[in-house]
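Below: one structure, written as structure tokens.
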Amino acid sequence: MRWGCLLLAIATLYGAWQAIAFFWCSDDAFISFRYAKNFNDGLGLVFNAGERVEGYTNFSWTMLVAAAMRLGADPVLFSQIAGLVCTLLTIATLAFTSARLIAKGSAFVPLAAIGFALHEHAQVFASGGLETALFTLLATGTVCLAVGARGNSGLVGAGLLGVLATMTRPDGILLYGIAGLVGLSRARRACTWGPFVAVCAAGLLVYLPYWLWRFNYYGWAFPNTFYAKSAASPYPQQGVYYITLYLGCYYVLLLAPLGWLVGATRATTRGLALASAGAIALYLAFVAWVGGDFMFGRFLVPITPLAYLSIELLRARWPGHMLALVLLALTSTATLLRRYPTEAITRLPSGERGVAEERLNYTVAWTARMREAAEQLREVFRGYDVRVVLTGTQAIWAYYGEFDLAIEGCTGLTDEYIAHLPIGARTSIGHEKSILAIDPDYLLRRRVHFHLHLDYSNHVPGHYRSAKFGVVLATVVTYDRALMRGLRGKLDVECVDFEAYLDDYITKLPQQTDDAVRAAWTDFEGFYFRHNDDPERARPFRDRLGLR
């Protein structure tokens, strides 16, 4: 017992130290932060004021962040600390489950808790600002509490955790379903519906009212992100590839099926073996169906604790102290000596496979730089109704920039129209609906002013569509005369006076061919004339082209 506690303490301290060293914040986390800020500001649970679009999948996490922000906490730091706390609680849950269900009456060697504490990507997502750590805690707690419940009150708790998991990520319904099966099995053995009703209670009293509210509020059965990533379109080849990468890295988890077989031979561990096997199999099928994720490991970390518990079931058959230590040594060593697929992982998602180690891009320094740029934009645009489109790695700008309208134009996570567009050629999962390629006219219909970016390859100084706001480059999508007149006089703003450009172009109309004038009019009409009442400048083009 003493040695087991000491080893667990060392592993936990190491894991916490690593998670703190990894401190980073995913760009996607800032989507939740903007929802939380707008909620606190009285605008509703929306990304853009007046648009009810469910561009998040982590309701409980978003509301937790909103509560912290209302108390004055910085959302980045809070989300990192909260994620770390959730990971520590997951480790404690594993240790408690090991002592109660696996190692009861034998040496306390918490293999699962130690293995998860040493797991690098558990540490990575402990402090990345996302809901992953909370979801992992709730998923693990749902299964462990359901299996270990000694009465209906424990099953009520398992059901509540399952509901919270589902409200943290919709795929939590799979873990809640496993808890329901445990309750159903107990109900059948006891010849009473009590255990099953106990698990279902939270679903009826908590989740059903929540679901009816969100359906009434947003108008869709599933979150907007479901449609944006086209989860209704199976992508199993990518999903299997994603799972293979992870299991190739953390190959020690391949021992889990052997643990199920051994655990199922003993009455005391049979329930945990069957529940873990069912949960992992069901979740892997889900991950394979949707095509996995572009972030390496993110979709598989939540079931990793159950995989370590499954490995620990091997000692249920042979509870000797020495065997437990040998198994712990092998598991811990294999976890630390993972085979990272360097050749398959990039900094950012790209190409058909497109699996990335996102934390490498979102360092503390990068986040600080992006925040500074966004706050500069906020000051430049203060007092104006500015509409922007962002195409990846820029949700942080949407949060700190406080734009009146921000469209995520890479996948449409927060935009209903883009989300429901069909996928063309499959590319990196979750990055397959670029509005700039599919329907650029949509941005004109929404009267978007700027496409903000940092890509200097697209910046042509002096071109009437190019602008620069401090360190941020922009492509002018639509030219708002009043807005651009106001911005031109501000410090660190570079943009062309398009009205003067038009006047100069009009003087040269007689020298232009009809085709050149027609092409220019087509561009200028969507860029300028459709959004500004300027008949005097439009008349020379209309007269030349014979337009009414």
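Checked against the criterion of being open to solvent by less than 10 Å² (accessible area, probe 1.4 Å), of a type outside the set (A, V, I, L, M, F, W, C), touching a residue at least 24 places away in the same chain (Cβ under 8 Å) and within 27 Å of G148 (Cβ to Cβ), the candidates Y283, Y242 yield just one match: Y283.
Residues in segment 186-213 that are in contact (Cβ under 8 Å) with a residue 12 or more places away in the chain and hydroxyl-bearing (S, T, Y) were compared, and the one that is least open to solvent (accessible area, probe 1.4 Å) is Y210.
So which residues in segment 125-137 are part of a helix (DSSP H, G or I), closer than 25 Å to G4 by Cα and not polar (S, T, N, Q)?
The initial filter retains those residues of segment 125-137 that are part of a helix (DSSP H, G or I), namely 132-137.
Still in the list and also closer than 25 Å to G4 by Cα: 133, 136-137.
Result: A133, L137.
Listed by first and then second residue, the pairs with beta-carbon distance under 8 Å, at least 6 apart or on different chains, first residue in segment 505-526 and under 29 Å from R447 (Cβ atoms) and assigned to a helix (DSSP H, G or I), second open to solvent by less than 50 Å² (accessible area, probe 1.4 Å) and basic (K, R), are I506/R537. Residues that are open to solvent by less than 70 Å² (accessible area, probe 1.4 Å) and either in contact with a Ser or Thr (Cβ under 7 Å, 6 or more places away or on another chain) or touching a residue at least 24 places away in the same chain (Cβ under 8 Å) (or both) within segment 360-370 comprise N361, Y362, T363, T367, M370, listed in sequence order.
Here is a list: A107, A99, A92, A67. Which entry is of a type in the set (A, V, I, L, M), more than 25 Å from G148 (Cβ to Cβ) and open to solvent by 10 Å² or more (accessible area, probe 1.4 Å)? Unique residue meeting the criteria: A67.
Looking at segment 376-399 only, could you name the residues that are closer than 26 Å to F125 by Cβ and buried (at least 21 other Cβ atoms within 10 Å of the Cβ)?
Kept after step one, since they are closer than 26 Å to F125 by Cβ, are these residues of segment 376-399: 390-399.
Listed by number, the residues that qualify are L390, Q394, A395, I396, W397, A398, Y399.
Here I429 meets each of (1) modelled with pLDDT under 85; (2) surrounded by fewer than 23 Cβ atoms within 10 Å (Cβ to Cβ); (3) not aromatic (F, W, Y) with one exception, condition (2).
Starting from residues that are within 22 Å of the chain's Cα centre (by Cα) and free of Cβ contacts under 8 Å to residues at least 60 places away in the same chain, keep the ones in segment 134-159 and report whichever is surrounded by the most Cβ atoms within 10 Å (Cβ to Cβ). By that ranking, first place goes to T142. Within segment 89-133, the set of residues being among the charged types (D, E, K, R) and within 21 Å of the chain's Cα centre (by Cα) comprises E120, E131.
Confirm whether A373 is open to solvent by less than 20 Å² (accessible area, probe 1.4 Å), touching a residue at least 24 places away in the same chain (Cβ under 8 Å) and within 20 Å of the chain's Cα centre (by Cα).
Criteria not met by A373.
Note on segment 23-44: residues that are open to solvent by 10 Å² or more (accessible area, probe 1.4 Å) and hydrophobic (A, V, I, L, M, F, W, C) amount to 4. Report whether or not G470 is open to solvent by less than 40 Å² (accessible area, probe 1.4 Å) and at positive phi. In short, yes.
Selection of segment 471-504 for residues being charged (D, E, K, R) and touching a residue at least 40 places away in the same chain (Cβ under 8 Å) yields D480, R481, K490, D492. Can you pull out every residue in segment 444-453 that is open to solvent by less than 60 Å² (accessible area, probe 1.4 Å) and touching a residue at least 60 places away in the same chain (Cβ under 8 Å)? Of everything in segment 444-453, those that are open to solvent by less than 60 Å² (accessible area, probe 1.4 Å) and touching a residue at least 60 places away in the same chain (Cβ under 8 Å) turn out to be L444, V448, H449, F450, H451, L452, H453. The helices (runs of 4 or more DSSP H) located wholly in segment 347-437 that include 3 or more residues which are under 16 Å from F450 (Cα atoms) occupy 364-380, 395-401.
The values are calculated or read from the model by the stated rules, or taken from the named source; none is laboratory data. Model, not experiment: these values are computed from the prediction. A quick note on method: Cβ atoms are made from the backbone with ideal geometry, for glycine too, and the neighbour counts reach across all protein chains shown. To get the accessible areas, we keep the full protein, side chains included, count just its heavy atoms, and leave off ligands, DNA and RNA. Shrake-Rupley method; radii C 1.70, N 1.55, O 1.52, S 1.80 Å.
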